[in-house]
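Throughout, read-outs are computed from the coordinates displayed, never taken from laboratory work. All values reported here derive from a predicted model rather than from experimental measurement. Heads up, the Cβs are rebuilt from the backbone with ideal geometry, glycines too, and the neighbour counts pull from every protein chain shown.
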Amino acid sequence: VVGEGGSQKVVAKLPSGESIEVLLFGATVTSWKSNGGQTENLWLSDAADLTGKKPVRGGIPVVFPVFGPPPKSGHATSSLPQHGFARSSRWEYMGKSTSEDALDSSSVKLDFGLDRQSLSEEARKAWPLDFGLVYSVTLSKDSLQAALTIQNEGEESFDFQFLLHTYFRIQDISKIAVTGLSGTEYIDKVLDASLHTQSDNQLKITGETDRVYKDIKQDTTSIVEDGKPRFDVIRNNVKDTVTWNPWIEKAKAMGDFSPDDGYKNMVCVEIGAVDGWQKLDKGEAWEGGMLVKSHL
Ligand code: BG6
């Protein structure tokens, strides 16, 4: 662990040079370098607050227990801020484990924990339920795995949503396509939350994009850049994926989004369980997440 106070982070590196950085605040992965450490795979805003005062603009914020603005009233999450409290709580570093195999493919796994006791007073009041989260991030030579385990430690069942809000770094938004969503229904949050079906296998981003693809049959959503595979995002026990790019005006309007034209170098492909609610009974546990393969 390096750094002080709200800026404390865990840095891990493989013998072959690949590395990862995880801020304890939000257990937010802020850097993932592959290709011997030469290629940064995540976009991080130049104006991101990395001091533990507000959610990080970039990297991989963890969204739990609600995605987006919570239901206005009548739901256990109704008093929570947009995207819940996980991305703005300080997690505990639980340690690392490493493994090595004969094919020179070592990996390092970092574990982070969050429970009711470690929440801010405000969050504890807003979501008065007993839970335990373990978030594991595993770095391998050309991949990153991120998995969340949720345990219901209370006396009643609860509802949750979960999502990994990954900001992928790309060279040029006009040269990419998101693939592996064809045949899927999506809610278009830019177009009044109307329902559509993705017909083209290639989703090109040519303007503000904010879509919730739900109940996806395929396991893998990919980002292709310049006709070549760049990232494969493989869902594990989750069926939904959000695609987001704020484009020109929204990027400018966000105080922590910098530079203004940074929207050209990022695309969010966010796996999760956000269509409706997952119900977790007393004493039960749930696990889900993703494996991301970088082709660079
Ligand atoms: C996306 C949502 O996941 O996150 C968008 O679909 C939202 O609607 C975006 O604008 C960013 O959210 P925030 O809270 O980090 O500004």
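SER118 to MET254: FRET efficiency via 1/(1 + (r/R0)^6), r the Cβ-Cβ distance, R0 30 Å, to the nearest 0.05?
With R0 = 30 Å, the Cβ-Cβ based efficiency is 0.60.
Using a Cα-Cα cut-off of under 28 Å, which lysines could be cross-linked to LYS204, ignoring same-chain neighbours fewer than 8 residues away?
Qualifying lysines at Cα under 28 Å: LYS33, LYS175, LYS189, LYS214, LYS217, LYS228, LYS239, LYS250, LYS252, LYS264, LYS293.
Report the extension gain between THR220 and GLU100 in nm, rounded to one decimal, defined as 0.36 nm multiplied by the number of residues separating them, less their alpha carbon distance.
40.5 nm
Just how large is the dipole of the chain about the Cα centre, in debye to the nearest 20, putting +1 at every Lys and Arg Cβ and -1 at every Asp and Glu Cβ?
With Lys and Arg at +1 and Asp and Glu at -1, about 360 debye.
Based solely on its DSSP helices, what 222 nm [θ] is calculated for the chain when runs of n ≥ 4 H residues each add -39,500 (n - 2.57) and the sum is averaged over all residues, nearest 500 deg cm²/dmol?
Result for the chain: -1000 deg cm²/dmol, rounded to the nearest 500.
May I ask for the equivalent-ellipsoid semi-axes of the chain, computed as the square root of five times each C-alpha gyration tensor eigenvalue and listed largest first in whole Å?
Working through the eigenvalues yields semi-axes of 26, 25, 19 Å.
Using 1/(1 + (r/R0)^6) with R0 = 35 angstrom and r between the beta carbons of GLU155 and THR197, what's the FRET efficiency to the nearest 0.05?
0.25
What is the log10 of I(q)/I(0) for region 157-296, computed with the Debye formula using one identical point scatterer on each Cα and no solvent, at q = 0.14, 0.20 Å⁻¹?
Log-scaled intensity ratios, in q order: -0.66, -1.24.
Could I have the simple spin-label model distance between LYS125 and SER78, label points 7 Å from Cα toward Cβ, reported in nm to one decimal?
Calculated label separation equals 1.7 nm.
Please identify every one of the trypsin sites (Lys or Arg not before Pro) in region 222-296 that sits in a loop by DSSP and has no more than 13 other beta carbons within 10 Å of its own beta carbon.
LYS282
What is the dipole size for region 1-131, taken about its Cα centre, with +1 at each Lys and Arg Cβ and -1 at each Asp and Glu Cβ, in debye to the nearest 20?
540 debye
Could you check how many percent of all C-alpha pairs in region 1-152 are farther apart than 19 Å?
The calculated P(r) of region 1-152 puts 54 percent of pairs beyond 19 Å.
For the chain, build the charge dipole from Cβ charges (+1 Lys, Arg; -1 Asp, Glu) around the Cα centre, then report which of ALA147, LEU24, LEU119 sits farthest towards its positive end.
With unit charges placed on the Cβ atoms, the residue in question is LEU24.
Region 1-42: which GluC sites (Glu not before Pro) are DSSP loop and have at most 11 other beta-carbon atoms within 10 angstrom?
Counting only loop positions with at most 11 other Cβ atoms within 10 Å, the GluC sites (Glu not before Pro) in region 1-42 are GLU4.
So which GluC sites (Glu not before Pro) in region 88-126 end up in coil per DSSP with only 15 or fewer other C-beta atoms within 10 Å?
Listed in order of number, the matching sites are GLU100.
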